[in-house]
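Please read the structure below before turning to the comments.
The values are calculated or read from the model by the stated rules, or taken from the named source; none is laboratory data. Because the structure is a prediction, the values reported are computed rather than measured. Here the Cβ positions follow ideal geometry from the backbone for every residue, glycine too, while neighbour counts run over all protein chains shown.
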Amino acid sequence: MLGFASVFFLSGCSAQDRSGTFYETFVKPMDMFLSKIHEYVGSWGWSIVIITLIVRIIILPFMLNNYKTQNKARRGQVLARPELEVVQAKQKAAREKEARAISNEEKTQARAELMELQREQMAIMKKYDANPISVGGCLPLLIQMPFLTGLFFTLTNPLYSAGIIDSTYLGIFSLGTRSYVLPIIAFLVYAAQTKLTMAINPPLVQPGQEAMQGQMQMMQWLSPVMIAIFSFWVAGAVAVYYIVGGLFLIFQTYLGYKIYPPYKPEKEKKQEFDPNKVTLVSNKKKRK
C-alpha cells in the first residue's frame, strides 16, 4: 500500500523544478549526498543502493512504531468483534424496521435507533483502541515521503550527481535510460513483499464489511503493478531505487512481525458466544 501511495504522490509532482523550499530542503541535499557517496564508492549503481538503504534505515524506527500501532489496533478489532456482531445484528433489525415503517413517527424512531447504534459502534472501537486509521498510523508515511520524494527527484533529474545519466549498474542495466528488465524485477520484489504482508497480517474484516475484503486485497496487489509500470516510464536509476526499497521492505515487514507478532486469541476462547451475555458500552452506562 505504501508503494502505491508513493507512486500516486510522485505522479503529481514535477522533477524538473530546481527551485523552491522543497528542492533546497530535500532534493538538493540528497543530490549532493549521492555525489559524495560516489566519490568513495566509485559506482553510481552502488551509490543508489547505499543512499536508499541509508534513508530506509533512518525512517525504520518510525515504521516499526507504526507496526506496533497497527498490531494494537488489530488486537482491539479481535476483542471488539463479539460486541460489534451484536450491534451489527441490531442495525440490521433497525433497517428492516425502517423499511416496514408506515408512519413518519415509526421511520423517525427507526432512524434514531440506527444513529444510536452507530454511536455504540464507535464507542466499542474506542473502548478497545480498534481504530486502524489514526494520526499516529499515518505519521510514518508523512515523515518518510519528503525524503523518499527528494531521493526520487534526485535520480530523475540529477545535478551534482549527473554522472548517473551515462552510467550502468553491474555493467548490464543502464541508469540513465529506460530499462525493460528492471521493472520486471521491481514487480517481482513488491509482489513478494505483498504476499509476505498478506501471509503475516491478513486483512481483518469487521462484521458488516465482508464485501470490502476483495477490494482490500485487490488494492494490495495493485501496488506491485503500479510500481512496475512507473519503473518502466522512468530511468533505470529510479527502478534500482524501487527494487532496493522493496527488498528493504521485505526485511522491514519480517522484522516488524518478529518484534510485534500479530495478536492471536487463545484457542480455548474461540467458541460460540451468547449475544444476550455480551455487555455493550451503552448498557454499562445505563447501570451507573
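Scanning the stretch 224-254 for residues that are crowded, with 23+ Cβ neighbours inside 10 Å and either within 19 Å of the chain's Cα centre (by Cα) or among the basic types (Lys, Arg) (or both) gives 227, 241, 242, 243, 245, 246. For residue 29, the conditions (1) over 15 Å from residue 158 (Cβ atoms); (2) more than 24 Å from the chain's Cα centre (by Cα) are fulfilled apart from (1). Filtered by the rule that a residue be assigned to a helix (DSSP H, G or I), over 30 Å from residue 248 (Cα atoms) and among the β-branched types (Val, Ile, Thr), the stretch 64-116 gives 86, 87, 108.
The rows are residues; the columns are (1) over 19 Å from residue 245 (Cβ atoms); (2) modelled with pLDDT under 90.
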residue	(1), (2)
181	no, no
192	no, no
197	no, yes
201	yes, yes
204	yes, yes
211	yes, yes
228	no, no
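For the stretch 161-195, enumerate the residues that are within 30 Å of residue 24 (Cβ to Cβ) and surrounded by fewer than 16 Cβ atoms within 10 Å (Cβ to Cβ). 162, 163, 165, 166, 177, 178, listed by residue number.
For the stretch 24-47, a residue qualifies if it is within 17 Å of residue 170 (Cα to Cα), among the hydrophobic types (A, V, I, L, M, F, W, C) and buried (at least 21 other Cβ atoms within 10 Å of the Cβ), and exactly one does: 44.
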